Structures are given as structure tokens and as C-alpha cells.
1. If you go through the stretch B:245-255 one residue at a time, do you hit one that is within 24 Å of A:MET300 (Cα to Cα), within 22 Å of the chain's Cα centre (by Cα) and of a type in the set (Phe, Trp, Tyr)?
2. Of the residues B:ALA192, B:ALA160, B:ALA137, which single one is at pLDDT 90 or above and under 18 Å from B:PRO44 (Cβ atoms)?
3. Could you tell me how many of the residues in the stretch B:168-186 are open to solvent by 40 Å² or more (accessible area, probe 1.4 Å), free of Cβ contacts under 8 Å to residues at least 12 places away in the same chain and either within 12 Å of another protein chain (Cβ to nearest Cβ) or more than 15 Å from B:SER46 (Cα to Cα) (or both)?
4. Please give the helices (runs of 4 or more DSSP H) falling wholly within the stretch A:154-263 in which 1 or more residues are touching a residue at least 24 places away in the same chain (Cβ under 8 Å) and of a type in the set (Phe, Trp, Tyr).
5. Mind checking which residues of the stretch B:426-468 are under 17 Å from B:TYR153 (Cβ atoms) and of a type in the set (Val, Ile, Thr)?
6. Would you mention how many residues in the stretch B:252-275 are touching a helix residue (DSSP H, G or I) at 6+ places or on another chain (Cβ under 7 Å) and either crowded, with 19+ Cβ neighbours inside 10 Å or within 13 Å of another protein chain (Cβ to nearest Cβ) (or both)?
7. Got a sec? Which of A:GLY65, A:GLY55 is outside any helix (DSSP H, G or I) and more than 9 Å from chain B (Cβ to nearest Cβ)?
8. Looking at the stretch A:1-40, which of its residues are open to solvent by 80 Å² or more (accessible area, probe 1.4 Å) and in a helix (DSSP H, G or I)?
Amino acid sequence: MIAFLIKRLMHAFVVMFVISVISFAIQSNLGDPIQQMVGQSVPESQRAELREELGLNDSFLVQYGRFATNALQGDFGYSYFFNEPTTEVIQRHLPATLELVIAATLIIVVFSVPIGVYCAIRPRSALSRFFMSVSIIGISIPVFLTAIMLIQLFAIGVDFSPFPVDTGWGQWLNGVLSTEGGMPSYGRGNDLTHLFGTWDSNFFSLDGLTYLVLPAVSLASIMLPLFIRLIRAEMLEVLQSEYVKFATAKGISLKRIYFVHALKNTMLPVITVGGVQLGTMVAYTILTETVFQWPGMGLMFLEAIQRSDIPLIVTYLMIVGLIFVVTNTLVDLIYGLVNPTVKLTGKPA
Amino acid sequence: MIDKKTLLASLLGASVVLPLPALAQDSASDSDPVTLRMAYDADPVSLDIHEQLSGGILQLSHLTHDPLVRWTKDVKFEPRLAADWERIDDKTMRFTLRDGVKFHTGNDFTAKDVVWTINRLKRSADFKAIFDPIASATAIDEHTVEIKTHKPYPLVLNLATYIFPMDSEYYSGETEDGDPKDEIVKNGDSFASRHSSGTGPYEVVSRQQGVKVEFERFDDYWDKDSPGNVDRLVLTPIGENATRVSALLSGDVDFIAPVPPNDLDRVRADKNVELTTMSGTRIILMQLNQKRVEAFEDPRVRKAFNYAVNQQAIADRLMKGFATPAAQLSPKGYDGYNDSLEPRYDVEKAKELMKEAGYEDGFSVSMMAPNNRYVNDAKIAQAVATMLSRINVDVDLKTLPKAQYWGEFDDRAADIMMIGWHADTEDSANLFQYLTECPDLETGAGQYNAANYCNPELDEKVAQANVETDRAKRAEMLQAVEKALYDDAAFMPLHWQDLAWAAKKNVKLEPVVNVMNFPYLGDLVVEQ
């Protein structure tokens, strides 16, 4: 166990090192940060002065060396835009992103397991077919489109009236097709509950939750169908296996077979995929947060790119890399708990 | 009213359609404080109004501070902290300051604050260039300031729109860390970037960069005649165009700027929202680089390019009427605006000119344009490229995000480059100095002249105009320069970008908008 953790720690270092080198290497293509900092009519001599002051004229190795030395001491530099240490900026934006990811994960877990299991147990039922076809649509529509559609439907409202308004049935049909809107369309709202440090939460008030619904649903919209299909496929396979047949023959109740024996084995690969996807979800927040103006890391990162805020970009990439390594390590640990036959250190890296 | 049953909403559950508490406040009675929730594409980068010369900072300046004078809708001056002014001689302007004005800290506003502010402006990297003509500012007495210029300078009042006096007493001394409180820091923490004290209608009460800024009306605001009735302002940056519009249409905010042109119709159609537009002063043009392409040295070719481009069509169809076709740099209202100049569009004429110049079969050029800097910039570039193909010019177009574009622009990396320019001084001479003067690294003249167009005679005329304090004479000189540039086809002018704001019906924007693109929100009335 300890050997495993040490190995993972070394992995983390390698990953962070590679990410930092790559993000440093591409910075010359990210544009000139000075351009974003000064007004258009500022003369070139002023710009040169500022460039020198920021050390942008030094060679790649000198700049990287300076960054790496400081980073090893926990100093990742100052954001050009926020005028604060990048780690503080990220700390402030991290909770919003985590809440969004947690909310989306909850939606995914609550819906994917029952639906996936149902579709596996009753593969031919009309409802299963309906879920399967809807999930294909869900996978194919990009997150930002889902997000914009959700805003139009539930925040602004749609007034759709193809049927005559002067008849009772026409009114009713139009009403069914139209939506009223009223959901918040952007941001986290004002009713946040302070937890600790920089963490203000949306989870503890009704108003806060309404702000969370649309972003979380659109973030979940990509992963939810994926998990429904994954759980269904795994479950179908498990249901064909010898021990399930044996258990059925032995007369154990179907409920127990489905939800105790089969489900447990179904969840093994699901956990693995889930762990990896959790990291991916942090990446997907860039799109969702941009559309909903959710003040998290994704939005911050996109804006940092637009402003060529290099220190912030590098720090963000490294932290996301760290999140990937950490989630994967946790997944491997949980895997060992669910299936004790798996030996951590014996696993190929 | 039709009773709507919403299927989708009921599927998601009742909690989904609960109205926001914030919305409920809108219908509150008169005695309740009025809150204006506004969304801009970005929030101010700092509270230090001298840190950056940008739209965001100037908008902030008009909220937390007051200028000596400010622009009206028809590009005239309106007295603010300066109650009156007179020209003493060619080089001296005397301002009489308003009495009884208080800073947010409670300190009295006096002449020494103005002098202090001008000195600080001259130290700011972004402002020092436009304040260069000023030699000194002296306090004659408590409420009189004299501004002296190095040479006779006609634009002292234009500069005065940038003088937002700061509370000199508040910014004097040192912080706990031993840094001077008045230092201007571009990339780091400074006292002034986190603290603010001006004379403006609003005080900053809280600020979370990139998330929101909250303002409250200053109780002791000097302008008791101001009709403004907004007690609280909440500014949220919403960078994404579609989201910003959605936030307004769904009622989450009361006021947005800018309004993306593609959504103008959508905003216009909404019955709860009103769109306010006016023609702007930012010119969009293309520069034909004579250093890179030999053919561009021939004025006939440059003219042919101008004749080939249909500015009216771009303004009407591409910009959906959200632009005014241009034939010169100076917009209407500027001293240099020459009303005899009309956009020229005549493909036959263009072909003829090309033939005359010996380029009947055309040639190939490269073109670069930003794709997220100006309204529809990339589409405009594509349209121009297509129009040029009619005179057999083959355009290799590349569009880039603004962060990368300006580096390429500085390198003059393509034969034709797009640029938009708004004169900081709201004056024609500024346009010429940056866009058409012979490029000179030493003096900084022609810094954005990617055409490499050079006509020393015109430069001389602009220099003369800049020491001419007789406004009428000066206007004549500047208009002559516009005419000469037009005859010479020094560049391809396209249009002036219009300005647009959108707000709920009860927000009376119309009276407070102005060419500067920062509505004077201190005077804004929100009907209850």
C-alpha cells in the first residue's frame, strides 16, 4: 500500500513536470500579455519597459528555471490579471467548480444506476428502448448547445403556439409546448452559505440550488447517457454469467440476484471509468461555466487564455493534472476495497 | 391571459419554476432602494483609474469619480467638477472648480487634488502619452487651477475629460508594507488598486474580481440636481455574448452592454426590453501595406481597392444596420469630419483603374484580421476578400484571436491588415497621428500605420493644427487633411461601429448615453 502510494506520488511529479514544460513551451503562441495589460495608444518604449520588468525577454530556460525553483517552494507566480498569487486565485475559483462537479455527479449516480439496471433487466421493454434512443441523442449533442437550449427553455421561456389560441384544446396544446422560464440563467446567485475558507456553497438554500440546477444538468448531460449505457452493457453481461444462472437455479429471489450479486460485479468497471471521467468532467466545466458564467476554474481558465495570463494558465493546467492523478489513485484504492482479489502493487502501472 | 401548463417544467419538478426572490423585489414600492443589476462583457481590471486606459476603467471612473468636464451626446463639453473655464493665453487654461464637493472619505475637494491627479496621470504608463502636451498644473487658490501646456494646445478640454480628481489626502503616505499609497502598479498589488476615494455618485462596497462589483450611491454626492435615483449597482461580467443577452431576456439583469449585433433583432422583439443605439466613433479600416506590396504604392491601385468594396452592403447586410459606412477616419461631430466625402463603390471604375495601373489580371495578397476584437471582424474581412476577387485580386485571408493578432500586427505580417481605432481625445488629429503619419519609432508617430503610407506634407499640416487654438481654423485644416487622404486613398475605410445598450423598459437609458460608450449611470432614472 505504501509502496503503491509512493509510486503514485512519483507519477504525480512526472505528470506535473511534463505539463509545466509543455505549457511553458506553448506560451509564445498564447499571445503577448503586455498587449492585454496596456491601452492601445501606449508607446512601444513603455511596453518594452514592462516586458523587461516581467522578465519576458529572458530565454526559455531562464524563465522556466525561475518558475520551477519558485514552484518547488510553493510559489507559482502572480496572475497578470488578478494581481494575486495564482494559487490564491485558483483557491477562490475551485469551490464553485467542485460544487458543479459534485452536483452533476449526484445527478448521474441517481439516474444512471436505476435506469441502467432497468434497461438490462427489461432490455426489450418500450421504456428501455426509449431510454436508449434518448441517451444516443444526449451523447451526440454538445454541452454548450444543451446549455443554451436549457437557458432558452427554462430561463427565458418559449412561447410556441402552432395551434389555434381561440380553442380550448389549442390553448392546452400550446401551453404544453411552451415554457415559462424564470430559472436563473447565469452565475451562482447571492444566497450562498459560507462553509470555510474560500468555500461558499450553493447546496444549503433553495435559492442557491435553483442556480445550480441548469449548469449541473447540462454538465451531466454528456456523462449520464454514457453511464446508463455502460451500466446496462455490464449488467447484461453479468446476467449471462454462470453464477447468476446457478443462483437462479438455487431459487434465490430475483431481487436479491439483481441488486446484491449482479449489481456489485457490474459496478467494478463502472467505478474505473467513473474515476477517469470525473477528471474529464473538470475539463468539461470549461464549456458549461462559460455559458452559465459560473465563476469557477473553467471560466477563469478560458479568460486567462484570452488575456494571455501565462502564470495562471500554467498553474491551472498543473492543478488539473494533479486532480487527474489524485482521482485515479483514489479509484485504484476503492477498486481494491470493492474487489479484494485485486492487488494494488501487483497491478501494472 | 392564457394559462400555460408547461410539460417540460412539470417533468423537472416544481422547484424548478420557483421565481427568484430578486425578481420579486422589482415590484417593490417607492421607498425601497432601487437596485440596478448590470452585465458587461468584462469587469474593471483594477480600482486604480490610472492603471489602464480602457473602456472598463473609464466606465468605472464615471461611477466612482467625476471628470472636470464630460462629453455630451453631440460631442460637446459639459461642466462637471470644473464649473467654468477660460483660456488665459495660447498655452494656459484656467479652470474654476465647483464649491462644496466632497470625496467619499469626507475630505473636501480642492485645487490641490486636481494638481495631484494631473501629476499622477503624467506618471501612468497608459495615460502619460496623452498628457504629454501638459507642462504643469498649478493651484492658484482653493478653487482655481491653471493648466499650462508646452506649446499652444487646442485640446486641453478634451484632456480634461480624462482628469477624474482623486482624493490626494487619502492616497498620500505609505501602506503598512511601506509602499507609497499613490504608486501605480501594472502587475501586482497596490493600495490604489484595492481602495478608492473619488467624488463620484457611487462608492464601491464590495468587489470580487471576475465575479461582481457592488456599488452604493454616495450620500454626500455634490450633484443634487442629478435626476439619478439608483441606490445600488451590481455589475457582473458576462463574457459570453449569448449568456449576456439571455440574462437580460430572462430578467436576471436590468441592463447589458455591449449588445452583440447578431442578437439585436432578438432584443428588439422582446416586449420587456428596450434597445438603445447610436452611431459610434470607432472607425474600422483596412491598411494596404506599401512596403510589402509594390502595387500598393500606386494610388490608382489603392483607389481601385476602395472602389471595389461596397461599404453600404457591409453596413446593411453584414452589420445589420449596426454601422455607419465611412469614407474617412473622423466620425460626424469631430472637427476633422468632412461632409463632402462619400463612400465610393463602383466595380467598373475599379476595374478600369486596375487596367490603367497595369494590373488588369490582378495579383495575390495576404490579409489578416482579428476574429474577436471588433463586431463581426472576421466576417467583414471575408466580405472584403470576396469583393476584391471581382477585380481579380486573390486574397489569402487569415483571422486570429486578438491575443495573437496584435503581435502579428506589430510585425506587419500581412499585406492587408484590419484595425479599428477610437481617438482617446475624441479628436481627428489623434486618428492621423496613429494611423496615417509616417511611421517613426523615435517619436511613436504612425504606431498603427500598417500601410506604411507616408506623406510628410500632411503630417506637417496635422502638426500645425495641433498648435492652432482657434477651433474653426483648426477644423478647416483637419478637414483638408481628410480630403487629401481620401484623394490619395491612403487606406480603405469601412465603417464606424454603432453602439448599443439594452435594458428593461423601466430603465431610462436614452438620456444618459453618449459617444464615449459609457452611459452616465449617476444620472440614470429607473422608473418604479
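1. The answer is yes; a qualifying residue exists.
2. Residue meeting the stated conditions: B:ALA192.
3. Of the residues in the stretch B:168-186, 6 are open to solvent by 40 Å² or more (accessible area, probe 1.4 Å), free of Cβ contacts under 8 Å to residues at least 12 places away in the same chain and either within 12 Å of another protein chain (Cβ to nearest Cβ) or more than 15 Å from B:SER46 (Cα to Cα) (or both).
4. A:206-240
5. Hits for the stretch B:426-468 are B:THR443, B:VAL462, B:VAL467.
6. Residues that pass the stated criteria total 9.
7. Every option except A:GLY55 fails the conditions.
8. A:ILE2, A:ILE6, A:LYS7, A:LEU9, A:MET10, A:PHE13, A:VAL14, A:PHE17, A:ILE22, A:SER28, A:ASN29
The values are calculated or read from the model by the stated rules, or taken from the named source; none is laboratory data. As the structure is a computational prediction, the values presented were derived from the model and not from experiment. Don't worry about glycine lacking a Cβ; one is built from the backbone with ideal geometry, like all the others, and counts go over all protein chains shown. Side chains included, ligands, DNA and RNA excluded: accessible areas come from the protein's heavy atoms. Shrake-Rupley method; radii C 1.70, N 1.55, O 1.52, S 1.80 Å.
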